[in-house]
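The values are calculated or read from the model by the stated rules, or taken from the named source; none is laboratory data. From a predicted model like this one, the values you see are computed outputs, not experimental measurements. Cβ placement follows ideal geometry from the backbone for every residue including glycine, while neighbour counts extend to all protein chains displayed. When the accessible area is computed, the model is the full protein with side chains, heavy atoms only, and any ligands, DNA or RNA have been set aside. Shrake-Rupley method; radii C 1.70, N 1.55, O 1.52, S 1.80 Å.
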Amino acid sequence: MATIDDVARRAGVSTATVSRALRGLPNVAEATREHVRRVAAELNFAASRSASSLASGRTNTVAIVVPHVTRWFFGKVISGAEEVLRTAGYDVLLYSICDARARERFFAKLPLRGRADAVLVLALPVTAEEVGLLEGLGVPVGLVGHRARGLISVGIDDEAGARLAAQHLVNLGHKRIGLITGDDDPLRFTTPRTRRTAFREVLRANGLPSGPELEAEGGFTFAGGERAMTELLSRPSPPTAVFAISDEMAVGAMKSLRRHALEPGRAVSVVGFDDHEMAEVLDLTTVAQPVAEQGSTAASLLLRQVSGHRPDRPERIVLPVRLIVRGTTAPPSS
């Protein structure tokens, strides 16, 4: 059975060059790379992933730490990151943190130590202590949907997105605008609070009421959005328009409206946030964010650091959001 030494001798190059050429790494001339591949094919040689990892000190793996792995947003971010990593020859190692206990256990043990060349943390607002633990791994660390001193971060302007939604409903003439939020999570996500604060600021700036009497908790799920909309409809003075801070909750709100014989966009306007695949199908007005692109951008930044590019300052990328107006918003009915 051919070895890497056999390939190196036949090709007239070093074993290190053979390893780099067959793994698609840089610093190998394209002609040399093709020559090594032809020789390897002639000798029926297949590079051992574990052997090359031992030789290079790398695992060719990136760990992704994700809360609520089954939710649409996180799945899309992982998909975007995985495409970039797979193209570069890296595997993905997923760690799911679904509650406070799992989070505590993860940071106490850090089971990814020695198993990954970089770490990507999705939407989890890491504390200063947790940042220190991650940095202690000695590999590049990136964040999506959150930022922390010293770490790569990729995200969107959540405040701008919430303002777009609120101002759109104000411009249509709505005077009582409700909010379906997602604050009730033990992992302490910052996104719900950021979007709620920006939303309230727009209402106050336009002299409109805001606060708990016009808000309900939806838990970032379809069912939660439906419950929240039903709760808002039961209030003494229900809203004529609602901003749900995720499309999944917005779709649940639309279901509740129809159960009450109220047509979204006619009786009550609804705006979501994400531009979920179902948003266009359901004609949902929404704030679109580039979800998969956040994962692919973060993965690309991490791979640059793995390959030795270390900028003076941690890179912070903020991707744009935009309002897509569809059929679920209109001026208030008489």
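Overview of values
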read-out	value
Percent carbon-and-sulfur accessible area, the chain, ignoring ligands, DNA and RNA, probe 1.4 Å	51 percent
Heavy-atom SASA rank of S14, S19 (probe 1.4 Å, accessible area, largest first)	S14, S19
Ellipticity estimate at 222 nm from DSSP helix runs (n ≥ 4, -39,500 (n - 2.57)) divided over the chain, nearest 500	-13500 deg cm²/dmol
Label zone at R113 (point 7 Å along Cα-to-Cβ), backbone N below 13 Å, segment 69-95	none
Accessible surface, per residue, of the chain when the full set of protein chains is kept, probe 1.4 Å, Å²	47 Å²
Among V321, T230, V144 the positive-end extreme of the charge dipole of the chain (Cβ point charges)	V144
Percentage relative contact order, segment 71-202, counting C-alpha pairs under 8 Å, at least six apart	21 percent
Selected from G218, G114, G252 as most flexible by GNM, with the chain as the system and alpha-carbon contacts under 10 Å	G114
Leading residue at positive end of dipole, the chain (Cβ point charges), from T87, V77, N60	N60
Within a Gaussian network of the chain (alpha carbon springs, distance under 10 Å), most fluctuating of E263, E277, E83	E277
Leading residue at positive end of dipole, the chain (Cβ point charges), from A166, T190, L122	L122
For segment 107-160: relative contact order, % (alpha-carbon pairs under 8 angstrom, 6 or more apart)	31 percent
Spacing of the two label points (7 Å from each Cα toward its C-beta) at T3 and S237, in nm	8.4 nm
Full-stretch length increase - S14, C98 - with 0.36 nm per residue and alpha-carbon distance subtracted	25.5 nm
Mean separation of Cα contacts under 8 Å, 6 or more apart, over the residue count of the chain: relative contact order %	17 percent
Listed candidates (i) 37, 22, 19; (ii) 49, 20, 16; (iii) 33, 25, 18 - label of the one calculated as semi-axes √(5λ) of the Cα gyration tensor in Å	(ii)
R0 of 30 Å, Cβ-Cβ distance D183-R86: FRET efficiency to nearest 0.05	0.25
Part-to-part distance (alpha-carbon centres) for segment 141-161 and segment 87-107, which is given in Å	18 Å
Within segment 78-129: Cβ-based charge dipole about Cα centre, in debye rounded to nearest 20 (Lys, Arg +1; Asp, Glu -1)	240 debye
Extended-chain gain in nm, criterion 0.36 nm per residue less alpha-carbon gap, R310 and R33	97.1 nm
